[in-house]
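The values are calculated or read from the model by the stated rules, or taken from the named source; none is laboratory data. Just so it is clear, the model here is predicted, and its values are computed rather than measured. Virtual Cβ from ideal backbone geometry, glycine too; neighbours counted across all protein chains shown. Side chains are part of the model used for accessible areas, which takes the heavy atoms of the whole protein and leaves out ligands, DNA and RNA. Shrake-Rupley method; radii C 1.70, N 1.55, O 1.52, S 1.80 Å.
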Amino acid sequence: MSLLPALPPGRVLDVVRAPDPVLGVPCAEVDPGDAAVVQLAADLLATQAVSPGCVGLAANQVGVAWRLFSVDVSAHPKTRTSHGSFVLVNPRLVDASRNEKGREGCLSVPDLTGDVKRATRVVVEGYAPVTGALLRLETDAFEARALQHELDHVDGALFLDRVAGAHAIFPRRTYL
Ligand SMILES: [Zn+2]
């Protein structure tokens, strides 16, 4: 069953890059049923879909400091559990366990990757756009990592804020 309600056609937006200040502010909670929020949800999915290797996109990565993001890890080889393509509005981390280090990249930091310790099992709650239905996602592995990366974005943090130090940051060699 898809977690994603029917949305209007999405527009492809420009992605903001570090050190743009909008990436460093905690995003504001919004009404999942608001027409502008619904449109932005569609735009995030459209922008994510045309960005090679992109498994998630937060609203402030397209310049809007609202608390929502899109995720779709279904095509990634490191994925175990996947909830398909979805958007969470006003998301929050409810539970997290079993930390593991893994390599991350980000559309807003296109030239670098980094090793970040993240929980491999998480429970995340948020609201569906349009309906405002409460969604509770229990997941693991790569989807858990993607969710924590996007939660960081809407809290105003980047993966670079989470790495153990300069030795854990690497130039990106390939663009998927
Ligand atoms: Zn990112």
Roll a 1.4 angstrom probe over the protein heavy atoms and tell me the percent of accessible area of the stretch 38-176 that is carbon or sulfur. 50 percent
At VAL50 and ALA166, where each label point lies 7 Å from the Cα along Cα→Cβ, what is the point-to-point distance in nanometres? 3.8 nm
So for R0 = 25 Å, FRET eff. of ALA157-HIS76 from the Cβ-Cβ r, to 0.05, ends up at 0.70
Per-residue counts of other Cβ atoms within 10 Å, averaged by peptide: what ranking do you get for 154-163, 66-75, highest first? 66-75, 154-163
Calculate, for the stretch 37-176, the solvent-accessible area per residue in square angstrom, rolling a 1.4 angstrom probe over the heavy atoms of the protein chains. 43 Å²
With a cut-off of 19 Å, note down the residues of the stretch 61-76 whose backbone N falls inside the zone around a label point 7 Å from the Cα of GLN39 toward its beta carbon. 61-70
Rounded to the nearest 20 Debye, what is the dipole magnitude of the chain about its Cα centre when Lys and Arg each give +1 and Asp and Glu each give -1 at the C-beta? 600 debye
Using the per-residue mean of other Cβ atoms lying within 10 Å as a proxy for protection, in what order, highest first, do the peptides 118-126, 77-85 fall? 118-126, 77-85
With each pseudo-label sitting 7 Å past Cα toward Cβ, what's the GLU138-ASP31 distance in nm, one decimal? 3.4 nm
Let me make sure I get this right: for the stretch 52-176, a, b and c are the square roots of the gyration tensor eigenvalues over alpha carbons, sorted descending. Under 1.5 in a/c it's rounded, otherwise prolate if a/b > b/c, else oblate. Which is it? prolate
Quick one: what are the phi-derived ³J(HN,Hα) couplings along the stretch 139-148, Karplus 6.51/-1.76/1.60 with θ = phi - 60°, whole Hz, x for glycine and proline? 8, 8, 6, 6, 5, 4, 5, 4, 4, 5
